[in-house]
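The values are calculated or read from the model by the stated rules, or taken from the named source; none is laboratory data. Since the model is a prediction, treat every value here as computed from it, not as a measurement. Here the Cβ positions follow ideal geometry from the backbone for every residue, glycine too, while neighbour counts run over all protein chains shown.
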Amino acid sequence: MSGTSEGPAPAADLDRSAVTESDIKTSPRTEPRTDSCTEPRTEQLTYRSAFAAAPIAMAVVDREGVVVGANSALGDLLGATPEELGGSVAADLVDLTSDARTWHAYREVLRGRQAKLRCTRRLKHPDGHSLWAQITVAPLPDEEPGVLLSVADISARRELQARLRHLQMHDPVTRLPNRTLFFERLSTALEAESYEQSGTGRIGLCYLDLDGFQAVNDTLGHRVGDRLLAAVAERLTRCADEAGYGRASAPLVARLGGDEFALLVEDSTGTEQLADLAESVLKAVQAPFDISGQRLSVSASIGVVERQAEGTSATGLMQAADTTLYWAKADGKDRWTLFDPERNAHRMTRQALASTLRPAIERGEFRLEYQPLVCMEDGRLRGVEALVRWNHPQFGVLTPNRFIGLAEEDGSIVPLGRWVLATACRQARQWQLDHPEEPPIFVSVNVAVRQVWDSDLVADVAEILAETGLAPHLLQLELTESAVMGSAGRPLQALQALSDMGVGIAIDDFGTGYSNLAYLSRLPVSVLKLDGSFVRGFQYEGEGVPPNPADEVVVEAMIQLAHRLGLTVTAECVETSAQASRLRRIGCDTGQGWLYSRPVPPDRISGLMGARV
């Protein structure tokens, strides 16, 4: 190839340079005779003809970037003749200057410093239509200065790819963007260059699922369920369009799977905007749907998150939204709930505690403190209640209300309860041995219902009493009123067996639960512990203001009833001497509270034995 835009050589030149088969056969030489000027000229003409007729759009470009020859395919693609393309700047023809990186690479190929360039460009045809083209620039052989530019029309391929991407990125039931496209948009929105260049720099999300959708699927079938989802999607899209009216863009509505949807608000203006959007979505979903001749009603629970885009990750935003959606459901459904950092911190603390409970038992992070139980008549120590504390390495000393509920949920209450029982019994026996001259004191230990169900409590108690040498009557087990009053079957049998063994059974927080007094008479209970709310009513509300006499009447009636049933009564939360005097006057047997002592370590209890508290 000559590298010019001239046409093929004349026919006469072709005839003179031709070498026929007969010429070769009649030559007396053993090797065919070759004219050194003829062969390159023939190859040159052949290449030029192939270049001109090739279906691939091509052009030869010199080292300055100017087109010195183009074929008809390129002319057809760009809407010009090969002759018109000659002398043009190649980079302008195929838009190689639109970005700095491509322009630099192209110049490197022209200078022979880079082997090849390949890129994709959208080109404008003179008749108005656009096409996608793949541009390739590669150097010609060393003897041919310049580069070969080839252009392939890939519009059909791009269109197919676009259709496939749309199918891949959209939900077939609702035709909304699916989870993949949603997270792609979310990740892009959280990139610094997206929120720094323009907008508010904030992002918001309404994450919702439908209340009652599963019932529709189960009773009416998935076809009706899919139609309902499509109808919900239409309403959500309408809400998003209305919210986006007058703004740069409407919220993105996506189906994340099942009956879960999301509305992503880029460039949020604050929580008020998100609250308005969530409220409109609630109202839209609440209106009945007519699906396949049936009138269906559902509602939505929505978790709302709104925050600065900077420092926010897609994972973090979705976790916050998922947590808030859970709150909306837990708070009663058919509502939206805004993310609360303090509430979330409490939840995270719960999770952290729950995940470390069992290992903490094995590591010995728990200890017991003891609060005195004092005889109201003579003020002497009769027993103690064992109260567990968790010496948490991160959160410090935790009281039972922070972790007992978690222990009951995950079952770790069983090993923890066994440890508390064994430790308390061992300590009670040690006090007895250390103070043989004093009447022995009993120890009262709280027991959760799950300990009765998930373990052999009777066997555990018998084994621990045998190991420690503590007499059964010096152990008292406390259960809540709701747990004892609902006892039947195995729990009731366990309580009866423990009572027969000689162990005392106490009802804790009495008066706040069922208060089924008729049932109480049939239970193996020996002690009632009055809830502190009754005792608090005994104290003066202010100087010169008498207490409510009704409180005293109620408490006195409960004490008299307990005594008639053969039970003793312990008053909790005794804080003043006035309370103690009134309780003593109406016949209360034992008192417990800060008037006598806060929960203290075992050695402090030793100092109280034999003295008036």
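Structure notes:
- Residue list for the stretch 385-406, filter: modelled with pLDDT of 95 or more and either in contact with a helix residue (DSSP H, G or I) (Cβ under 6 Å, 6 or more places away or on another chain) or farther than 26 Å from residue 508 by Cα (or both): 386, 388
- Cβ-Cβ under 6 Å pairs, at least 6 apart or on other chains, the stretch 275-299 side within 14 Å of residue 243 (Cα to Cα), far side of a type in the set (D, E, K, R): 284/235
- Subset of the stretch 378-404 (residues that are under 17 Å from residue 597 (Cα atoms) and loosely packed, with under 14 Cβ neighbours inside 10 Å): 378, 399
- Restricting the stretch 207-224 to residues that are in contact with a helix residue (DSSP H, G or I) (Cβ under 6 Å, 6 or more places away or on another chain) and assigned to a helix (DSSP H, G or I) leaves a set whose member that is surrounded by the most Cβ atoms within 10 Å (Cβ to Cβ) is 216.
- Residue 202 buried (at least 21 other Cβ atoms within 10 Å of the Cβ), basic (Lys, Arg) and either in contact with a Leu (Cβ under 9 Å, 6 or more places away or on another chain) or more than 20 Å from residue 171 (Cα to Cα) (or both): yes
- Among the numbered conditions (1) among the β-branched types (Val, Ile, Thr); (2) at pLDDT below 80; (3) crowded, with 18+ Cβ neighbours inside 10 Å, the only one that residue 503 does not meet is (2).
- Hits in the stretch 365-377 - residues which are within 20 Å of residue 445 (Cα to Cα), more than 37 Å from the chain's Cα centre (by Cα) and crowded, with 19+ Cβ neighbours inside 10 Å: 369, 370, 371, 372, 373, 374
- Criterion violated by residue 58 - all others in (1) modelled with pLDDT under 90; (2) touching a strand residue (DSSP E or B) at 6+ places or on another chain (Cβ under 6 Å) satisfied: (1)
- Any hit, the stretch 83-99, residues being in a strand (DSSP E or B) and within 16 Å of residue 151 (Cα to Cα): yes
- Checking residue 204 against (1) under 30 Å from the mean Cα position of the chain (by Cα); (2) in a strand (DSSP E or B); (3) not assigned by TED's automatic domain parsing to the domain that holds residue 305, the condition it does not meet: (3)
- Hey, residue 94 among the hydrophobic types (A, V, I, L, M, F, W, C) and modelled with pLDDT of 90 or more or not: yes
This table checks each residue for (1) farther than 27 Å from residue 105 by Cα; (2) touching a His at 6+ places or on another chain (Cβ under 9 Å); (3) in the same structural domain as residue 56 (by TED's automatic domain parsing).
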residue: 135; (1), (2), (3): no, no, yes
residue: 142; (1), (2), (3): no, no, yes
residue: 149; (1), (2), (3): no, no, yes
residue: 153; (1), (2), (3): no, no, yes
residue: 163; (1), (2), (3): yes, no, no
residue: 178; (1), (2), (3): yes, yes, no
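- Within the stretch 519-613, helices (runs of 4 or more DSSP H) holding 1 or more residues that are modelled with pLDDT of 90 or more and not aromatic (Phe, Trp, Tyr): 549-564, 577-585, 602-608
- The single condition from (1) under 26 Å from residue 402 (Cβ atoms); (2) touching a residue at least 12 places away in the same chain (Cβ under 8 Å); (3) hydroxyl-bearing (Ser, Thr, Tyr); (4) not in a strand (DSSP E or B) that residue 312 fails is (1).
- Only listed residue being in a helix (DSSP H, G or I), buried (at least 17 other Cβ atoms within 10 Å of the Cβ), polar (S, T, N, Q) and at pLDDT below 95, chosen from 349, 356: 356
- Index of the failed condition, residue 194 passing every other in (1) of a type in the set (Ser, Thr, Tyr); (2) more than 27 Å from residue 322 (Cα to Cα); (3) not assigned by TED's automatic domain parsing to the domain that holds residue 82: (2)
- Residues that are small (Gly, Ala, Ser) and either at pLDDT 95 or above or not in a loop (DSSP other than H, G, I, E, B) (or both), drawn from the stretch 421-475: 422, 424, 428, 444, 459, 462, 466, 469, 471
- Scanning the stretch 421-452 for residues that are buried (at least 21 other Cβ atoms within 10 Å of the Cβ), within 44 Å of the chain's Cα centre (by Cα), of a type in the set (A, V, I, L, M) and closer than 20 Å to residue 603 by Cβ yields 424, 445.
- Taking first residues from the stretch 378-406 that are in a loop (DSSP other than H, G, I, E, B) and partners that are basic (Lys, Arg), the Cβ contacts under 6 Å between residues at least 6 apart in sequence or on separate chains come to 379/612.
- Cβ-Cβ contacts under 9 Å between residues 6 or more apart (or on different chains), taken from a first residue in the stretch 136-152 that is at negative phi to a second residue that is of a type in the set (Asp, Glu) and at pLDDT 90 or above, are listed as 145/62; 147/62.
- Enumeration of residues in the stretch 558-576 that are exposed (fewer than 15 other Cβ atoms within 10 Å of the Cβ) and under 13 Å from residue 535 (Cβ atoms): none
- When the stretch 551-593 is filtered for residues that are out of contact with any strand residue (DSSP E or B) (no Cβ under 8 Å at 6 or more places or on another chain) and of a type in the set (A, V, I, L, M), the ones remaining, listed by number, are 553, 554, 557, 561, 565, 578, 586.
- Flag for residue 43 being surrounded by fewer than 18 Cβ atoms within 10 Å (Cβ to Cβ), modelled with pLDDT of 90 or more and assigned to a helix (DSSP H, G or I): no
- Unmet requirement for residue 462, which otherwise passes all of (1) touching a helix residue (DSSP H, G or I) at 6+ places or on another chain (Cβ under 8 Å); (2) of a type in the set (Gly, Ala, Ser); (3) buried (at least 18 other Cβ atoms within 10 Å of the Cβ): (3)
- Annotation: residue 362 fulfils all but one of (1) surrounded by 18 or more Cβ atoms within 10 Å (Cβ to Cβ); (2) assigned to a helix (DSSP H, G or I); the unmet one is (1).
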